[in-house]
Amino acid sequence: MGKKTGIPSLEAVDLHCVRGERKLFGALNFTLRGGELLRIGGPNGSGKTSLLRIACGLLEPTRGEVRWGGENIRRLQEEFWRRLVYVGHANAVKDDLTAAENLNVACSLTGIGAQPGRVGEALRRLGLAGCENLPARVLSQGQRRRTALARLALSDAMPLWILDEPFAALDPVAIDCVQHLIAEHVSRGAAVILTTHLEAQIAAATTLRIDLEAN
Amino acid sequence: MLVALRCVIHRDLLLAVRRSSDVLTVLLFFVIVVSLFPLGIGPDPALLRTIAPGVIWVAALLASMLALQRMFASDHADGTLEQMLLGATPLGMIVGAKVLAHWLVSGLPLVLISPALALQFDFPREFLGTLVLSLFLGTPVLSLIGAIGTALTLGLRGGGALLALLVLPLYVPVLIIGAGAAEAAVSGLGGQAQLLLLGALLVFAAAFAPWAAAVALRISME
C-alpha cells in the first residue's frame, strides 16, 4: 500500500550525536518510506529523544544529515516542517487555555486549518468529551497528553508524524485509541516515527526498529 | 500563514487577559517609579519640568525590561516554542507576532498612562503630544531589541542579569533620542528630528529584529 503514494522518503545518513562529553550514537542510517512505521527503542538516556529532535530538525547532528526526498531538512526548513507533525515530551498545553483553545492553537501552528466542529470531534475521539471548555489547569496529566495527541486526529493529511513517547501517562483505553490512530495513518501511506517502552500493538505493513544502546 | 499569526496574537492577548496580574505588575512598577521622583526631589517646578522626559523614559525602559523575560519563558517551559520552531509559518513572522502582542500588553499601557504621570512634573501641556509620540515610537523598539536578548538567554540560569547586560547598551541610543525629543520640544528646538529618528529605528528594528531573534531561538533550543 505504501508504494502507491508519492510521499518522499525520510533518510538518515551516517548520523552521529554527541551531547556534551557523551557520545549517544554514531553511524546511524535508516530510510523511512511512506506506509512504514519506525520504532525507536532503548533504555533511558540512550538518545531516543535526541534522535527524534535531529530527525525533525530541532537539533543539528554532530555529523551526518537527515534528508527528506533527497534534500537536507536543514535547508528545506518550512518546506519540510509544513509536512511534519511533532509531538514532543512536553505537551505544549497552556494552563490558562481550554482544551479546545489549546488544540486550535496547536493546529494553526502546525498549519492545519481546523474547523471548530472538527476540533470538538478530535477531542471526543481522544476521550475528552465534556472537557472541551475546561481550562487545562484542571485536567490530569493523562488528559493533557490526550489534548496534545488530539492534534493527530486532525493531521491525516500530514505525511510524517514524529512522536516522542506518545503513550506516556495514558490509560489503556487511550493507548488503544492512539495506536489505532497511528495504524490508520500508516495504512493511509504516511510515515510515522515513535519512541516507546511499551510493546505496542500497531498493525503496520512494515515496521522498522532501531534499538539504541545504553552508554 | 496569516491565520497562524492572528492565532498567536489572539492567544497571547487572551493569556494576558486571563493572567492580568503580570500585566498590572509592569504598569504598577512604571507608575511607582515615576511617582517617587517628585517625592524624592522636592517641589521645585522648574527642576521637575526639566527632568520629566528623562525620568519617564528611564522608567519606561526599566519597566519594559522587567516584562521582557516573560516573552518566551512560558512557551519555552511547556513546549509550545518547539511547535513554533517546527511550524508551517516562518519563525521570524511568529516572533514578530509575539513581539507585537507583548508590546500591546506591556508597552502600550505605559504610553497611554504617561500623560497623566507627566502632569505630576508640571510638564507643559502643549508638549505632552511629543512625549507620548516619542514613547509610542520608542517602546516597540525596546520590545523588538529585547526579543533578541531574551531569545539568546532563554533557559539560562541567571539569564536575567545577562539579559540586562546584553540589552542595556542597545537601549541607550533609544533612550537618548526618545528623551531628547520632548526636551528639544520644551526648549523650543522642536522634536521632529528625534521623532523621525525614532521612527527610522522602529522601521529598522521591525524589519530585522524578529529574524535575528528567530535565529537566536533556534540556537538556544539546540
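The values are calculated or read from the model by the stated rules, or taken from the named source; none is laboratory data. Every value quoted in this text rests on a predicted model; they were computed, and no experiment measured them. Cβ sites come from the backbone with ideal geometry, for glycine too, and all protein chains shown count toward neighbours.
Assorted remarks:
- Test result for B:Gly180, more than 16 Å from B:Trp57 (Cα to Cα) and either modelled with pLDDT under 95 or surrounded by fewer than 22 Cβ atoms within 10 Å (Cβ to Cβ) (or both): no
- Of residues in the stretch A:83-119 being crowded, with 18+ Cβ neighbours inside 10 Å and over 25 Å from B:Leu91 (Cβ atoms), the one farthest from the other protein chains (Cβ to nearest Cβ): A:Ala99
- Taking the listed residues B:Leu119, B:Leu100, B:Leu128, B:Leu110, the one that is of a type in the set (A, V, I, L, M) and crowded, with 23+ Cβ neighbours inside 10 Å is B:Leu110, with no other qualifying.
- Residue match in the stretch A:87-94 (condition: under 15 Å from the mean Cα position of the chain (by Cα) and on the phi > 0 side of the Ramachandran plot): yes
- Checking the stretch B:11-23 against the condition returns a match, with at least one residue being more than 11 Å from chain A (Cβ to nearest Cβ), at pLDDT 90 or above and in contact with a Leu (Cβ under 7 Å, 6 or more places away or on another chain).
- Top-ranked residue in the stretch B:90-106 [being touching a Lys or Arg at 6+ places or on another chain (Cβ under 9 Å) and within 14 Å of chain A (Cβ to nearest Cβ); ranked as modelled with the lowest pLDDT]: B:Leu91
- Among the residues of the stretch A:33-58, those that are surrounded by 22 or more Cβ atoms within 10 Å (Cβ to Cβ), under 19 Å from A:Asp14 (Cβ atoms) and out of contact with any Lys or Arg (no Cβ under 7 Å at 6 or more places or on another chain) comprise A:Leu38, A:Gly47, A:Lys48, A:Leu51, A:Leu52, A:Arg53, A:Ile54, A:Ala55, A:Cys56.
- Of all the listed residues (A:Phe25, A:Phe80), the sole one being part of a helix (DSSP H, G or I), crowded, with 20+ Cβ neighbours inside 10 Å and not aliphatic (A, V, I, L, M) is A:Phe80.
- Test: B:Leu36 is surrounded by fewer than 16 Cβ atoms within 10 Å (Cβ to Cβ) and either among the β-branched types (Val, Ile, Thr) or assigned to a helix (DSSP H, G or I) (or both): yes
- Taken together, the residues in the stretch A:59-70 that are of a type outside the set (A, V, I, L, M, F, W, C), surrounded by 15 or more Cβ atoms within 10 Å (Cβ to Cβ) and more than 17 Å from A:Cys17 (Cα to Cα) amount to 1.
- Residue that is farthest from the other protein chains (Cβ to nearest Cβ), among those in the stretch A:124-143 that are among the hydrophobic types (A, V, I, L, M, F, W, C) and in contact with a Cys (Cβ under 7 Å, 6 or more places away or on another chain): A:Leu126
- Scope the stretch A:29-47; condition touching a residue at least 24 places away in the same chain (Cβ under 8 Å) and either under 22 Å from A:Pro159 (Cβ atoms) or within 14 Å of another protein chain (Cβ to nearest Cβ) (or both); matching residues: A:Phe30, A:Leu32, A:Arg33, A:Gly34, A:Gly35, A:Glu36, A:Leu37, A:Leu38, A:Arg39, A:Ile40
- Selection within the stretch B:70-85 - closer than 18 Å to B:Ala214 by Cβ and either more than 9 Å from every other protein chain (Cβ to nearest Cβ) or among the acidic types (Asp, Glu) (or both): B:Met71, B:Phe72, B:Ala73, B:Asp75, B:His76, B:Glu82
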